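Single-structure report; data block below.
The values are calculated or read from the model by the stated rules, or taken from the named source; none is laboratory data. Predicted model, so just to flag it, every value in this text is computed and none were measured. Reconstructed Cβ throughout: ideal geometry from the backbone, glycine too, with neighbour counts over all protein chains shown.
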Amino acid sequence: MQDFLELTVSAAASGCIYGLIALAYLLMIRPTGIINFAVGEWAMVGAFGGYLLLSKFEWPYPLGMAAVLVFMLVIGWLTERIAVRPLVERGAPLLAPILALLGMLVVFREAISVSFAPDPHPVPYALGIQRQSFFIIAVTSVVFIGVWLFFERTIAGKSFEAVAIHRRAAALMGINLSRVTALSFAAGAGAAGLAGLLVSPNVSAHYLMGVPLAIQGFTALVIGGVGRVEGALLGGLLLAFAEQLTVRYAPIPAGYAQGVPLLLLMLFLLLRPTGLLRAK
Amino acid sequence: MSSLLRWLGAALLLAGAAFLLSDYHNDVYRKLLLWVTLALSYNFLFGICGQIAFSHFAFYGIGAYSVVIFLFQFHLPFPLAILLGIALCILFALAVAIPSARLEGFYLALATLALAQLFIVVLNEGGAVTGGPGGLANYKLPEFLGTRIRGPWYTAVIVLLLLGTLAVLWRLDRSWFGRACRAVRDNPEVAAAMGVDVARTKVTAFTLTSALAGIAGMVYAFVDNTVNPPIFGLDNAFLLLFMVIVGGAGRHAGAIIGAALLFLVPFVLSPLIGHHHVLVFGVLVVAAILLQPRGLVGLYDAIRRHP
Amino acid sequence: MKNLLAVAAALLAASTFAQEPIKIGVITDRVGVSKPYSEPCTEGTVFGAAEINRRGGVLGRKIELLIEDDQSRPDISAALARKLIDQGAVFILSMSLTPATQQQQTVTMEAKTPQMTPMNSGDTLTTQLPNPYFWQTGPLGSIQIATLLAHARAQNLKRVALISDNSDLGQLLARFFRAGLEKAGIQIAAEEVVPRGATTAEPQMQKIRAANPDAMFMAGVLTAENVLIFKAYRQFGLKFQIHSSYNLSVPVYMSVAKGLIDGVTFVDAYDPDKPEVKQFVAEYTKATGKAPFNMHGYGYDGIMMVAEAIRRAGSTDKEKIREAMQQTSYAGVMGAKGMKYRFPEGKRAGFDPDGMVVRVYEGDRQGRVVHVGQK
């Protein structure tokens with residue numbers, strides 16, 4: 001029983017990380033249809049931000065966290081400016097920005113790889129080793145509640161939704177499409193960077209951390225469905241619980257344990273192709 | 001007749017080149033030809049049929065490993081080993097494609113991502129059969145009529161593989177099936193309305209291109225006479241995607257140009273700028289897409305149109 | 001007069017280097033997964049080559065390193081081996097991923113070119129292919145586990161846990177750790193794998209805790225994932241002893257696993273109290289302004305052994321170098337005090353089975369040597 005409770009906390013924390021990455025995908029996919037696989041590298045940038053500010057310069061945690069968040073918003077906005085807007089303005093097919101962002105993934109990773117030593121870099125806990133899981137869960141809850149309220153309760157959020165439902169109609173209604181796109185990328189980078197900062201005390205900041213996070217977050221997104229904000233979190237939690245319960249309780253050799261959640265997910269998707277939650 | 005001559009000429013030219021090259025350049029040439037072959041079949045799947053899959057390298061690996069295992073672990077005769085290897089690829093491809101075809105959007109991407117990861121897990125855990133993380137080595141291409149094909153002659157075999165793959169894809173692309181694939185890519189609803197069986201088209205294209213990747217893998221198995229897990233990992237699957245994009249998705253010429261360029265970039269840039277070459281590679285990819293979303297082949301078209 | 005002497009000396013030096021340099025190929029990884037280990041190892045080799053040239057070179061000729069980056073991609077690695085051979089390298093030093101070294105071997109075997117890896121430690125590298133032109137001098141997985149077990153003998157272990165990661169070297173080491181434990185008649189009560197990219201090792205450590213082992217052996221080589229293991233261990237307040245592979249001997253753990261590793265024992269090929277090591281550290285620091293660690297030592301010993309073999313061969317003929325290499329008996333930076341690299345009875349793995357030491361983390365510092373060899 002003790003094991004199960006511990007595992008619940010640990011899987012919930014991992015699930016929150018996956019959920020934040022899935023949220024980053026979702027914030028960009030909803031209004032623009034663009035899947036941005038560079039979210040994993042954004043998380044890496046966030047983690048390195050944490051290393052620099054919190055470990056190296058020893059800033060107080062809240063200040064460092066706020067600085068990383070602001071920096072990530074700028075990074076997201078810049079990414080949109082460089083790799084997305086020129087293509088969207090030219091009316092390029094949807095695949096073009098997706099691919100340009102894949103290129104940006106390489107640029108981000110290599111920029112970090114050539115600027116820092118290849119070894120992992122430590123990032124401190126917010127409140128100590130025993131409380132990090134709870135801190136992750138708390139911050140993620142705040143983020144998700146905030147995003148949910150934004151979409152459900154504010155005019156700006158409604159305009160995002162309008163763009164998600166029908167771009168052209170939204171534009172005719174006077175919504176500034178390019179501003180919505182820029183904001184969605186900034187917010188996506190914010191969510192991803194936060195995920196990176198939160199997970200980095202565990203996994204450390206290193207140049208290869210991005211792609212696994214991108215894959216885990218993508219899986220969470222597909223499970224939860226791209227329709228609703230809550231789906232991202234639910235998908236993340238489901239994936240993390242599947243992973244950790246399999247490792248802990250499934251009677252199979254350790255090497256194969258990593259494969260089981262993947263198989264479960266495939267099966268799940270066959271039964272429920274739109275993900276857990278459908279769009280409203 | 002003239003088209004047959006043209007193919008023959010290409011074969012002679014490409015294979016002949018191998019006999020003029022040094023060992024090193026021959027090796028790079030062989031691997032380049034294999035990448036081009038893979039890019040061609042992947043281009044059909046991704047560029048022409050519009051399916052995003054990350055399993056192409058896993059099928060390359062299934063082909064490579066299966067032929068080695070059937071030949072040297074189970075001691076089956078050569079033709080049987082090849083046929084069984086292809087059958088295995090088709091089987092796995094169907095198992096992934098049939099369920100995925102019912103689903104939309106990213107599900108094939110996810111399913112193939114899972115397949116690619118599972119494949120590596122199985123290779124690592126396979127014990128004596130797959131050789132585990134060290135892979136399999138210490139085998140040689142079986143002899144035919146008392147001689148073993150090696151050196152530039154083996155390069156010629158790869159040239160045949162490339163041209164064979166290209167010929168198959170070329171014919172398909174111009175057939176009814178190719179048009180159906182493009183229709184499915186551009187708008188599945190319209191394609192269905194036109195009487196195209198969307199699911200069947202997707203499954204057929206996926207299975208066929210995966211089998212082609214498997215055959216290329218069988219040829220790869222005897223390039224260095226060793227197979228090991230890292231070759232067939234996800235990194236290379238992403239690289240393949242980049243190649244098709246940079247060259248120009250949906251065009252055979254694009255796949256060839258993209259594969260050649262991106263495969264050769266590290267060989268050329270690494271000695272010049274050291275470990276920054278990957279950064280340059282990333283910038284190149286972004287720049288290529290920004291400047292010409294239809295890839296380098298699109299750039300070529302644009303130049304030809306407005307000289 | 002003094003000036004004249006200096007000029008004469010310079011002329012003499014110039015004339016000894018007038019001949020073609022001896023080309024030695026190095027295949028390393030500057031971008032991929034092996035980068036954290038390949039880079040310092042290569043730096044050690046570069047420093048070693050400069051030392052050799054400063055002392056007059058080999059056979060009166062200078063050594064020239066041809067360094068290539070394979071990005072840990074085995075197919076590219078094999079192509080680079082051909083490139084180096086075409087460029088006239090008489091020896092290839094491999095400092096990349098284990099499978100990459102393996103794939104290079106298919107080339108060196110065919111081209112009959114001597115090749116050595118000074119750092120790869122998978123036992124299978126010299127057993128899988130009958131390649132008389134290949135040697136490895138990294139401490140094998142089987143030596144690591146035997147040394148750890150020799151040290152732990154007093155603890156009378158009955159049931160232990162084994163934990164690793166899913167990297168190729170991690171899997172390979174786990175395989176030889178498993179074999180070593182079985183040979184010693186110790187039951188493996190739990191065997192776990194932390195996959196690359198995991199965000200926690202808690203479920204794995206729970207399973208190990210449930211098995212209630214006498215001790216835990218770590219065979220993983222991924223730093224971030226190993227740190228996850230230590231974190232779960234501390235979080236659960238576990239008490240059993242941890243014995244780790246040589247991966248814990250790199251200094252990065254002192255900063256990235258701060259406060260987590262006190263008391264962990266690990267096997268190392270590097271004894272900081274050994275006179276050769278002290279001299280190496282002093283000279284390297286003086287020349288580069290940066291303190292070396294054990295990875296530099298692997299690369300340094302590698303180039304030194306190659307140079308010494310060429311010296312004994314008396315020529316750059318590859319077959320003569322092969323024969324000389326097989327006769328190696330060389331005391332270097334790595335290994336316990338007095339250890340020599342040797343390849344007896346046609347063996348091509350040259351790290352002395354009794355040449356490893358066991359060390360303990362004291363606080364966050366890599367502490368003293370507590371055990372030597374397998375006895």
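It is to be established whether one or more residues within the stretch B:134-144 are more than 14 Å from chain C (Cβ to nearest Cβ), part of a helix (DSSP H, G or I) and surrounded by fewer than 23 Cβ atoms within 10 Å (Cβ to Cβ). Among the residues of the stretch B:134-144, not one is more than 14 Å from chain C (Cβ to nearest Cβ), part of a helix (DSSP H, G or I) and surrounded by fewer than 23 Cβ atoms within 10 Å (Cβ to Cβ), which makes the answer no. Exactly one residue among A:Gly231, A:Gly227 is more than 11 Å from chain C (Cβ to nearest Cβ), closer than 26 Å to A:Phe144 by Cβ and buried (at least 22 other Cβ atoms within 10 Å of the Cβ), and that residue is A:Gly231.
Being without any contact (Cβ under 8 Å) to a residue 40 or more places away in the chain and outside any helix (DSSP H, G or I), is that true of even one residue in the stretch A:151-170? Yes.
Is it true that A:Ala83 is within 14 Å of chain B (Cβ to nearest Cβ), over 25 Å from C:Glu202 (Cβ atoms) and part of a helix (DSSP H, G or I)? Spelling it out, A:Ala83 is indeed within 14 Å of chain B (Cβ to nearest Cβ), over 25 Å from C:Glu202 (Cβ atoms) and part of a helix (DSSP H, G or I).
Can you tell me which residue in the stretch C:177-186 is nearest to the other protein chains (Cβ to nearest Cβ), limited to those that are of a type outside the set (D, E, K, R) and free of Cβ contacts under 8 Å to residues at least 40 places away in the same chain?
The residue in question is C:Ala179.
Hey, can you tell me all the residues within the stretch C:217-249 that are in a loop (DSSP other than H, G, I, E, B) and either surrounded by fewer than 22 Cβ atoms within 10 Å (Cβ to Cβ) or without any contact (Cβ under 8 Å) to a residue 24 or more places away in the chain (or both)?
Just the residues of the stretch C:217-249 that are in a loop (DSSP other than H, G, I, E, B), to begin with: C:219-222, C:236-240, C:245.
C:Phe236, C:Gly237, C:Leu238, C:Lys239, C:Phe240, listed by residue number.
Taking the criterion of being in contact with a strand residue (DSSP E or B) (Cβ under 7 Å, 6 or more places away or on another chain), more than 9 Å from every other protein chain (Cβ to nearest Cβ), free of Cβ contacts under 8 Å to residues at least 60 places away in the same chain and closer than 26 Å to C:Thr108 by Cα, the only residue of the stretch C:119-176 that qualifies is C:Asn120. Of the conditions (1) in a helix (DSSP H, G or I); (2) farther than 21 Å from A:Gly188 by Cβ; (3) of a type outside the set (D, E, K, R), A:Val123 satisfies every one except a single condition; which number is it? That leaves (1) as the condition not met. Looking only at the stretch A:16-44, count how many residues are modelled with pLDDT of 95 or more, within 15 Å of A:Ala83 (Cβ to Cβ) and more than 13 Å from every other protein chain (Cβ to nearest Cβ). Of the residues in the stretch A:16-44, 2 are modelled with pLDDT of 95 or more, within 15 Å of A:Ala83 (Cβ to Cβ) and more than 13 Å from every other protein chain (Cβ to nearest Cβ). In the stretch B:224-277, the qualifying residues are those that are under 15 Å from the mean Cα position of the chain (by Cα) and assigned to a loop (DSSP other than H, G, I, E, B), and the one that is farthest from C:Asn166 (Cα to Cα) is B:Arg251.
Between C:Tyr298, C:Tyr270, the distinction of being part of a loop (DSSP other than H, G, I, E, B), under 14 Å from the mean Cα position of the chain (by Cα) and closer than 26 Å to A:Pro122 by Cβ belongs to C:Tyr270 only. Looking across B:Ala288, B:Ala255, one residue alone is more than 13 Å from chain A (Cβ to nearest Cβ), aliphatic (A, V, I, L, M), touching a helix residue (DSSP H, G or I) at 6+ places or on another chain (Cβ under 6 Å) and farther than 29 Å from B:Asn124 by Cα. It is B:Ala255. Out of the residues in the stretch C:103-114 meeting the condition of being within 14 Å of another protein chain (Cβ to nearest Cβ) and more than 16 Å from B:Asn228 (Cβ to Cβ), tell me which one is surrounded by the fewest Cβ atoms within 10 Å (Cβ to Cβ). Result: C:Lys112.
Filtering the stretch C:213-261 to residues that are among the aromatic types (Phe, Trp, Tyr) and either over 21 Å from the mean Cα position of the chain (by Cα) or over 23 Å from C:Lys158 (Cβ atoms) (or both) leaves C:Phe230, C:Tyr233, C:Phe236, C:Phe240, C:Tyr246, C:Tyr253. One residue stands out among those in the stretch A:177-209 that are over 13 Å from the mean Cα position of the chain (by Cα) and more than 14 Å from chain C (Cβ to nearest Cβ): the one that is surrounded by the fewest Cβ atoms within 10 Å (Cβ to Cβ), which is A:Arg179.
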